[in-house]
1. Residue check: is residue 153 surrounded by fewer than 17 Cβ atoms within 10 Å (Cβ to Cβ), within 28 Å of the chain's Cα centre (by Cα) and either modelled with pLDDT of 90 or more or of a type in the set (A, V, I, L, M) (or both)?
2. Restricting attention to the stretch 164-196, and to residues there that are of a type in the set (Phe, Trp, Tyr) and under 20 Å from residue 29 (Cβ atoms), which single residue is surrounded by the fewest Cβ atoms within 10 Å (Cβ to Cβ)?
3. For residue 180, all conditions in the list (1) in a helix (DSSP H, G or I); (2) within 29 Å of residue 42 (Cα to Cα) hold save one; what is the number of the exception?
4. Have a look at 55, 78 and point out the one that is more than 19 Å from residue 163 (Cβ to Cβ), outside the structural domain of residue 150 (by TED's automatic domain parsing) and modelled with pLDDT of 65 or more.
5. If you go through the stretch 135-176, how many residues are charged (D, E, K, R) and out of contact with any strand residue (DSSP E or B) (no Cβ under 7 Å at 6 or more places or on another chain)?
6. Say whether the condition of being of a type in the set (Val, Ile, Thr), assigned by TED's automatic domain parsing to the domain that holds residue 179, modelled with pLDDT of 90 or more and not in a loop (DSSP other than H, G, I, E, B) is met by at least one residue in the stretch 29-42.
7. Looking at the stretch 45-72, which of its residues are touching a helix residue (DSSP H, G or I) at 6+ places or on another chain (Cβ under 7 Å) and not hydroxyl-bearing (Ser, Thr, Tyr)?
8. Output the qualifying pairs, or none if there are none: Cβ atoms under 8 angstrom, residues six or more apart or on different chains, first residue in the stretch 107-131 and over 12 Å from residue 76 (Cβ atoms) and in contact (Cβ under 8 Å) with a residue 12 or more places away in the chain, second residue surrounded by fewer than 17 Cβ atoms within 10 Å (Cβ to Cβ) and aromatic (Phe, Trp, Tyr).
Amino acid sequence: MQGRIARFRRRLFPGGNPLARFGDRVEAALLLLLVAGALLTLPFAAAVGSDTYAAQTARAEQERTTRHPATATSLAAAATQTYSTDGAGAPADQTTVPAVWFDARGARHTGDLLADSGSPKGTHVSVWLDQRGELTTEPLSPATSAADGVFAAILLWVAVTGALAALYGLARFVLGRLRAAAWDRAWAQARHDSRF
């Protein structure tokens, strides 16, 4: 472990090593840029995550005030599907059925919704309705808002660090090719000189 740390330190700081080539110093500068970039990106990623969390929390609050739970009743028995339509071959858990529900004003609505496969006609299904009484999704939960903020922060950090790592890897590849070409030229020159 200490040997790896020592090698990393020598690669990062070639310093006054008389054997260090120009390419080694360029590689060290790029590695230093990678490490510094990864560290400096952390506060920006945290700020983006915090902003995302705040936006998602505001959205969740708005959804909680404009959506409400209700109970729909299926108007037909749900078909029993042996296999799911996603091609995975697993038994299907839910299928679409016509249903009826009433909004907060008592107005009757109909439409299709998901019910458990094989459930009989008249099955009650929990749904969420918007202000018009139409089916909608459940409001965002605080856990989802937090997860979105964390994901946004991690995604930004990984994207920036990954781009810097790709730049460093490309530079190492190019420098390696240049070193190999220089060795080939030096070897060819030595063989040429040895003939005379």
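The values are calculated or read from the model by the stated rules, or taken from the named source; none is laboratory data. The shown structure was predicted, so the numbers you read here are calculated from the model rather than taken from an experiment. All Cβ positions, glycine included, derive from the backbone under ideal geometry; neighbour counts span all protein chains shown.
1. Criteria not met by residue 153.
2. Within the stretch 164-196, the subset of a type in the set (Phe, Trp, Tyr) is 168, 173, 183, 187, 196.
Right, trim to under 20 Å from residue 29 (Cβ atoms) and you get 168, 173.
Details: 168: 18, 173: 10.
That would be 173.
3. With (1) in a helix (DSSP H, G or I); (2) within 29 Å of residue 42 (Cα to Cα) applied to residue 180, the lone miss is (2).
4. Working: 55 fails: outside the structural domain of residue 150 (by TED's automatic domain parsing).
Only one candidate passes the filter, namely 78.
5. Filtering the stretch 135-176 for residues charged (D, E, K, R) gives 138, 148, 172.
Within this subset, residues satisfying the condition of being out of contact with any strand residue (DSSP E or B) (no Cβ under 7 Å at 6 or more places or on another chain) are 148, 172.
Here the count works out to 2.
6. Let us first name the residues in the stretch 29-42 that are of a type in the set (Val, Ile, Thr), namely 35, 41.
From what's left, assigned by TED's automatic domain parsing to the domain that holds residue 179: 35, 41.
The next check asks that each one be modelled with pLDDT of 90 or more; those that pass are 41.
Checking which are not in a loop (DSSP other than H, G, I, E, B) leaves us with 41.
Yes, some residue in the stretch 29-42 is of a type in the set (Val, Ile, Thr), assigned by TED's automatic domain parsing to the domain that holds residue 179, modelled with pLDDT of 90 or more and not in a loop (DSSP other than H, G, I, E, B).
7. So in the stretch 45-72, the residues touching a helix residue (DSSP H, G or I) at 6+ places or on another chain (Cβ under 7 Å) come out as 45-46, 48-50, 52-53, 56-57, 60.
Once the filter is applied, which keeps residues that are touching a helix residue (DSSP H, G or I) at 6+ places or on another chain (Cβ under 7 Å) and not hydroxyl-bearing (Ser, Thr, Tyr), the stretch 45-72 yields 45, 46, 48, 49, 56, 60.
8. 109/102
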